[in-house]
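Presented below is the structure to which this report refers.
The values are calculated or read from the model by the stated rules, or taken from the named source; none is laboratory data. Not measured: the values here are computed from a predicted model. No Cβ is skipped: glycine too gets one built from the backbone with ideal geometry, and neighbour counts run over all protein chains shown. Note: accessible area is taken over every heavy atom of the protein model, side chains too, but ligands, DNA and RNA are not part of it. Shrake-Rupley method; radii C 1.70, N 1.55, O 1.52, S 1.80 Å.
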Amino acid sequence: MKSKNISETIPRPDGMAKATGRALYIADLPQGDADGRTQDGGVPVGPSVGLGTNQLVGRFYRSPHPRGRITARRYPQVPDGYTIVDATHVPGKNQIPMAASRDLPCFADEEVRYIGQIVAIVVGPDPQVVDELVDGIEIDVEARPVCLNMEESIALKGGAIHGTDNVFCRVDLDRGDVDAAFAHAATVAEGVYDTGFQEQFYMEGQGLITWRDGDRVGVRGSMQCPYYVNHAVTHVLGLPHDGVRVIQDTVGGAFGGKEDYPEIMGAPMAVASWVTGQPVKMLMDRVEDMAFTSKRHPSRCTYRSAWDAQGHLLAMDVLIDIDGGAYESYTKIVLMRAVFTCLGVYNVPAFRIRGRGLATNTVPSGAFRGFGAPQSLFGLEMHMEEAARTLGVESLELKKKLFLQKGDSTITEGTFRDTIILDELVAEAERLSQYSQKRAQYPTGGMRGIGMSFIIHGCGFTGDGEQKIIKGEVALEKDEAGHVEILCAAVDFGQGPQTTFRKVVAAVLGKEPEEIGFRYPDTDRVPDSGPTVASRTMMVVGYLIQKAAEDLRDHWKEGEFQRVEQKYSMPPGMAWDQEKLLGDCYATYGWGINVCEVETDPVTWETKVVGAWGIYDVGKAVDQRVVDGQIQGGMSQSLGYGAMEKLEIDHSGRFRQITMSDYMVPTSLDFPRTEASTVDNPYPYGPFGAKGMGEMVHDAGHAAYAAAVEQAVGKPCPCIPLVPETLLNIMEEHR
Amino acid sequence: MTVKLTVNGEERQVEVKDGTRRLLDVIREDLGLTGAKEGCGEGECGACSVLLNGQLVNSCLVPIAQADGSRVLTPEGLAQTPEGQVLAEAFTECHGAQCGFCTPGMMMASAALLYRNSQPNEQEIREGLSGNICRCTGYDMIIDAVLMAAQKGRGLWG
Ligand code: FES
Ligand code: FES
């Protein structure tokens, strides 16, 4: 590489194909062309990979009933060439295997738990006929009362949906004598903090093609985790792992929303291809996508904190409930992250934390950038504002005294081993935003305010998950002419590994990034480097790639084909007990600060964001614009979450906002430019010092926003989104 | 019915059964030009943007009968022009494209803006792109790209 500094930005290698319309997303793939071509991402195009002219259209028949035992199914007469496929056709197990659960069936069999649950898939050549067949299907259920939210879930409305108590999972942590601390406290602060559903709103809807090739099955399309799709399809079809081939096409955004859904959608499609022997294509339109794919878990956090007469924190007592929807799916691991993040950047001497994932009759909640952290950090940061008001001190001063330091214990009694640079981040945030000066200057309730929130985000899978569950592997291959290709399963859905991984290898080998090959993953070609989730791609997979490149460099043989491989191993000293949830819950942490400045209109209660800042410790930015792009895009999403993205359910558990005109996402006019900044703090086990960062940029912008609104309106704002009606209610309640 | 269009400078004739078919479907399916994307199908996202007789439109809202006899510029056609090249390079350099799904539409909206106003300021760019949703970038680097294209393409935009 020409530049010595890996942070110095390069043009995106995938930029021209995307900007000129040449990049092919699943909906763009040509049908019937001869084999042997590849598309811009380097994946093959042609009839043998699902693109033959015998392709069928697939559509799901989804339950119109929210809850009950299925007592009858009525299928219409099916013309030649059309097929209805349901649970009776599943050759393997009728369940979608996920990282920590298998309770979601591939096809609903005995019962339905939410409106939209997949009961059958209809496939055939003419989309109109397929639609008519879907419309002709009916099921009868023995209906039971619908449980709409966490309160009804706890009250066991209609009886338990899951187990005997509707609790999918619990995560509890304790340190010290919390009751004694509260008994001796001079001051106790308390609050309840709510967050709503949030839609990922990737611009490209879900879309896949499945096909059968003898005893094998293929799946291609829009996804985050090719090997998750591979595992799910092998499980449902009862095939060996090499019996399923998964290919990623260009992905038009994901944000977690394509972590579970390609399995939920792809497994029934694969059964249909298995049964018919033909390729099946399904593209979801925006309404189906918004109505039935997984969303961010709604949450209710209750924080109580005990303080002594000098204003020292004695203890915290925290309850975290998240709404998992109808099946557990990813709820346990979302809850773990919510709990492990719920004390933020603060050193809390004693605590009692009780976390629950609850069942309701709504679409199963799933992964969304941040994965539980945006919920608990909202509760925590808003509670710190509350505590500061109760104690009569400035919240930043209160927080600063509690900052974690190297050597402190983590929430799970592990150790913060790496240098923590929160003070430097605060200095940078002050320099850019003049936070403290503005905070002091704006009178409370004067309709202008500024807020600051703090972020901690564990990088990679929780605990020893990388070692015990994921076991990531990567490879590099060099051909005789010296061309080097990266082989791993990491997906670029916009967050940049096509740029950053090439830079890492190029920097090690002294080449230019554009000389390094890196095709979109095809599980027939690449090892399982794990899913593209959990802020692990750069830090964990990128580090394996750096090590592989160093190995290749050190053993380079001119004119020969060479292949080098790397397998994950835990950084030295890390220890984790998964039973007791004790030890190092993450290998290391990303840190950050968000500042937001607002003006509220006292007539319409509309709030305008007038400034936004994101300051982070990402270890080392492997490409400054890739990192800044994450910071700015994450800020936009988190401000949307805090300010405008309202998603409600109706009396039967359906989402009310299922079109783009009803669900408001930020436009170019809604928020000002986010000033992005990073402070270097290299991590020894990340590539060139890089840590994970793709998620923490969505962890707390909403908290900074709500804190700013609190100053502007002079009232506590403990729930988001703070749309004008909500703010008006808050003002009237406190009149 | 037979519909005549001049697409990216080339005369094309398309047979359609139904004049209410969407222009977006005709250019994607019948003409094989898949640069314009469907993000919502209801005129809210701008992913399907094309220029129709020089005007920026959401092609998912245009019935094909209404486009009969018109000039259509799609993202593929824009890419062939010097202005399109400058814009595409600016999006690439400024990282104005992340997942890229909104990008062809953003390219069309940016071109429409620059043809109208060759040296826009940040606020004018925000207004010019306000009909196009991007979920990835937060828009800031798209704005950087348009500013760069205005700068580097000085003289190109007329
Ligand atoms: S697809 Fe036409 S505006 Fe969204
Ligand atoms: S780059 Fe992904 S939507 Fe704009």
- prompt: Any idea what the alpha-carbon Rg over 2.2 N^0.38 Å comes to for the range A:372-420?
  reply: 1.34
field: Amide H partners (placed H, <5 Å) of residue A:116, local residues excluded
entry: A:63, A:65
query: Once you put a point 7 Å from the Cα of residue A:413 and another 7 Å from the Cα of residue A:69, both along the Cβ direction, what distance in nm separates them?
result: 4.6
query: So how much accessible area does residue B:148 have, in Å² to the nearest 10, using a 1.4 Å probe?
result: 50
Förster radius 45 Å - calculated FRET efficiency between residue A:431 and residue A:651 (Cβ-Cβ, nearest 0.05): 0.30
statement: Across the alpha-carbon set of chain B, Rg over Rh with Rh taken as the Kirkwood radius works out to 0.97
message: Could you work out the pair-distance distribution P(r) of the range A:465-567 from its alpha-carbon pairs, with 10 angstrom bin width and percents rounded to whole numbers?
response: 16, 53, 27, 4
message: Spelling out what I want: for every residue of the range B:37-50, take phi, set θ = phi - 60°, compute 6.51 cos²θ - 1.76 cosθ + 1.60 (Karplus), and round to whole Hz; glycine and proline get x.
response: 10, 9, x, 9, x, 9, x, 10, 10, x, 5, 9, 4, 9
- prompt: Pairs A:478/A:557; A:18/B:17; A:4/A:547; A:332/A:406; A:400/A:620; A:332/A:547: which are spaced more than 21 Å apart, C-alpha to C-alpha?
  reply: A:18/B:17; A:332/A:406; A:400/A:620; A:332/A:547
field: Surface share of carbon and sulfur [accessible, 1.4 angstrom probe, percent] for the protein assembly as shown
entry: 48
Bins of 10 Å, starting at 0 and running to the largest distance - Cα pair percent for the range A:7-151: 10, 26, 26, 22, 13, 4, 0
- prompt: Given a Förster distance of 45 angstrom, what is the FRET efficiency for residue A:424 paired with residue A:192, based on the Cβ-Cβ distance and rounded to 0.05?
  reply: 0.85
message: For residue A:327, what residues show an amide H to amide H distance below 5 Å, using hydrogens built from the backbone and excluding near sequence neighbours?
response: A:365
query: Just the projected area, averaged over all directions, of the convex hull on the alpha carbon atoms of the range A:451-522: how many nm²?
result: 7.7
- prompt: If the range B:44-103 were replaced by its equivalent ellipsoid, with semi-axes equal to the square roots of 5 times the Cα gyration tensor eigenvalues, what would those be, largest first, whole Å?
  reply: 24, 15, 7
query: Can you pull the semi-axes for chain A, root of five times each eigenvalue of the Cα gyration tensor, sorted largest first, whole Å?
result: 40, 33, 23
query: What are the ³J(HN,Hα) values, in whole Hz, obtained from phi via the Karplus relation 6.51 cos²θ - 1.76 cosθ + 1.60 with θ = phi - 60°, for each residue of the range B:8-20 in sequence order, with x given for Gly and Pro?
result: 6, x, 10, 6, 10, 10, 10, 8, 10, 6, 9, x, 8
- prompt: Mind checking the log10 I(q)/I(0) for the range B:81-152 at q = 0.15, 0.22 Å⁻¹? Debye, one equal scatterer per Cα, no solvent, two decimals.
  reply: -0.37, -0.86
statement: Taking N as the residue count of the range B:2-74, its alpha carbon Rg divided by 2.2 N^0.38 Å gives 0.96
- line: For the protein assembly as shown, dividing by residue count, accessible area per residue (probe 1.4 Å) in Å² works out to 34
- prompt: If you take the Cα Rg of the range A:321-416 and divide it by 2.2 N^0.38 Å, with N the number of residues, what do you get?
  reply: 1.23
query: What list of ³J(HN,Hα) values in whole Hz, one per residue of the range A:283-297 in order, does the Karplus curve 6.51 cos²θ - 1.76 cosθ + 1.60 (θ = phi - 60°) give from phi, with Gly and Pro shown as x?
result: 10, 8, 7, 4, 5, 4, 4, 5, 6, 10, 8, 5, 10, 5, 4
- request: For the B and A pair, go ahead and give the buried accessible area with a 1.4 Å probe, both sides summed, in Å² to 100.
  value: 3900
task: Just tell me, in residue order, which DSSP H segments of chain A are both 24 angstrom or longer along the helix axis (alpha-carbon based) and at least -1.0 in mean Kyte-Doolittle hydropathy.
output: A:373-391, A:624-643
